[in-house]
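Student: I have a structure I would like to understand better, so I am pasting it below and will then ask my questions one at a time.
Quick note: the coordinates plus some simple rules give every number you see, no bench work behind them. Owing to the predicted nature of the structure, the values given are computational and were not obtained by experimental measurement. Every residue, glycine among them, receives a Cβ derived from its backbone with ideal geometry; neighbour counts consider all protein chains shown.
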Amino acid sequence: MSAIRIDDLTKRYGEVLANDGISFDVDSGEIFGYLGPNGAGKTTTIRLLLGLIKPTSGTATILGTDIRDRRALTERKADVGYLPDSIGVEERLTGRQVLDYFARMRGDERRDELLELFHPPLEKPVETYSHGNIRMLGIVQAFMHDPEIAILDEPTSGLDPLKQDRLHQFLERERDAGKTIFFSSHVLSEVQRVCDRVGIIREGELVALEDIDALLERSGKRVWVHLAEPVDEARFATDEMIDLEIVDSAVQFTYTGEYNALIDHLGEFDIANVEITDPQLDEIFKHYYGEGTPMERTDGEPARGG
Amino acid sequence: MTAILRIESRKRVRGSVVLVGVFVLLSALYFAMFPSLSEEMEALEEAFPAFFFDLFGIEALHTIEGFIAAEIYSFFWVILVGIYFAYAGAGLIAADVADRTMDLTLSNPVSRESVILQKVAALWVPLVALNVGVATVVYVGALVIGESFDPVALAMVHLLSIPYLLVCAGIGLVLSVVADRPKTARSTAITLVFVCWLVDAVSGLDPDVEWIGAVTPSRYFDETAILVREEYAFADAGILLVAFLVLLGVALVLFTRRDI
């Protein structure tokens, strides 16, 4: 069964299509990465799923509940955990009071277990928290009622690398226990590391939906070659090479063609050293977004889209 | 499901305590002045043009009831506390939407109706604190300076002001649901409550235009009539209560339909 089914979901803000006919399913028990630069429409999809905003057209279901059915969705939220991109809580309360507050509304049977992994200073008021502490508090509240689905918007932003790692491992354990994780990110390496499948969103449209492995495979190989002597670009380049760079006798490029053809082609040169690796998602991203890596794009979000 | 009510009630404590404190100071000031002023008040009433007293609905300034009705209730209660409730109402939704607190609140299995009702219900804190606190201060204050206040009239002025204050909060609440920014909601609510009071007061000066004030909430709460003449307008309070429920209904309908 699909934990989340998104069907032609559209959200329009005036002239801006924050989500433009998005359709995909998230299966039960998978970690789904929702990938795109800031302003692409990730947060809009998440806010639609939670019923915070209403779709212009199309719909979605969470655990079979239609997001347009307000009352049913309200009840369904007992099975959903949510970590917003920007966490708003009463800042004068201490971390413990914030957790108590959410616990009264949806339970906290896993609070202690989570606090062993993520430990914000519970006795201090939230207004004194660092970004990392706020994010840890957000993670604890998102999972403490043991939800079937966790919807996480940029969950690792603000966490130090150690805590990021800890979160990734935690998500994998949750997935193995049958929970569904939907998480948005513009950090490509983390999606590559933990996600089973990925949907890539660009300017409100879903441009790719694939297994991470298939995406990497289809995106070719990153090739680095050190030749015995300097080479002429016109002689070396083929149509299957992308982002070809030649500096003296060192060459690197992304190869998208047949492997046999690549080996045959390289055989025509005197090779001192060679390395063939999977491309980074950053490079795959470039093909969807053109020039300028997503990390550099921080242009304004269309009306709360993210 | 009272988690929101609890936390919202707690948020109201500080403001309520400060306001009660302000009234303690004001009352102390006016009660200290009254013994020496009461004799001059008759002269004052003759010296000032009548419209000045009509504007604030002031009469019988030389009695403790008239004096306190004029000094504490006509101005500070009707305008200042009215504005406080309008301000509090205007912050209920808009502030939470703006700082994204509402995102997490609504990620819980709690309906939007319940969020509004619990937030409005939390206004019991300032309502109880102010009405009990100020009534006590005024009653004790009068005894201290050797005067006495009719406890029934005093209780009534507070009881019948509750619907008025709720309407002020209701005006703020509707704006809070409609406005995109808390600042807009708050400033509009405060302005509206003040302008309504002004329209009521000014229109009351001329019988030909007095009807204009019929749409203002303060028209249905007359502190001087209650304290000086012991006239208790329960029907007017009923009108205010209905108006509050209508405003609450409008806010509920609008909030369940809007994006946050």
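Student: If amide hydrogens are placed 1.01 Å from N in the peptide plane, which non-local residues have theirs closer than 5 Å to the one on A:ALA60?
Tutor: A:ASP7, A:ILE67, A:ARG68
Student: OK, next. Taking amide H positions as placed 1.01 Å from N in the peptide plane, with prolines and chain starts having none, which residues 5 or more places from A:TYR13, or on another chain, fall under 5 Å of its amide H?
Tutor: For A:TYR13, whose amide H was placed from the backbone, the distant partners under 5 Å are A:ALA18.
Student: Among all the aspartates and glutamates, which ones have a C-alpha under 12 Å from B:LYS119's C-alpha, if same-chain residues fewer than 8 places away are not counted?
Tutor: Of all the aspartates and glutamates, those that pass the test against B:LYS119 - Cα under 12 Å, at least 8 places apart if same chain - are B:GLU8, B:ASP96.
Student: Another question, if that's okay. Using alpha-carbon pairs under 8 Å, 6+ residues apart, how would you state the relative contact order of chain A in percent? Show your work: numbers first, answer last.
Tutor: Details: 597 pairs, mean separation 71.7, N = 306.
Answer for chain A is 23 percent.
Student: Moving on. Lysines near A:LYS163 by alpha-carbon distance under 25 Å, same-chain residues fewer than 8 away left out - which ones?
Tutor: By straight Cα distance, A:LYS163 reaches A:LYS42, A:LYS124, A:LYS179.
Student: Between beta-carbons, use under 15 Å as the cut-off and find the net charge around B:PRO151, counting Lys and Arg +1, Asp and Glu -1. Before the final figure, lay out each step's value.
Tutor: Values: positive: none; negative: B:GLU65, B:GLU147, B:ASP150, B:GLU230.
Counting the neighbours of B:PRO151, the net charge comes to -4.
Student: Counting only Cα, what are the radius of gyration and maximum Cα-Cα distance Dmax of the protein assembly as shown, in Å?
Tutor: Looking at the protein assembly as shown, its Cα Rg and Dmax stand at 32.7, 116 Å.
Student: List the residue ranges in chain B for DSSP H helices whose C-alpha atoms run 18 angstrom or more along the long axis and whose Kyte-Doolittle average is 0.0 or above. The partial results should precede the final answer.
Tutor: Values: long enough: B:3-47 (56 Å, 0.70); B:124-144 (29 Å, 1.98); B:161-178 (26 Å, 2.22); B:182-203 (31 Å, 0.98); B:234-257 (35 Å, 2.25).
Span-like helices in chain B: B:3-47, B:124-144, B:161-178, B:182-203, B:234-257.
Student: Using a cut-off of 24 Å between alpha-carbon atoms, which lysines can reach A:LYS221, once sequence neighbours fewer than 8 places away in the same chain are excluded?
Tutor: Straight-distance partners of A:LYS221: A:LYS286.
Student: Through the Karplus equation 6.51 cos²θ - 1.76 cosθ + 1.60, θ set to phi - 60°, convert the phi angles of the stretch B:218-224 into ³J(HN,Hα) values in whole Hz; use x for Gly and Pro.
Tutor: Result, ordered by residue: 5, 4, 9, 9, 10, 5, 5 Hz.
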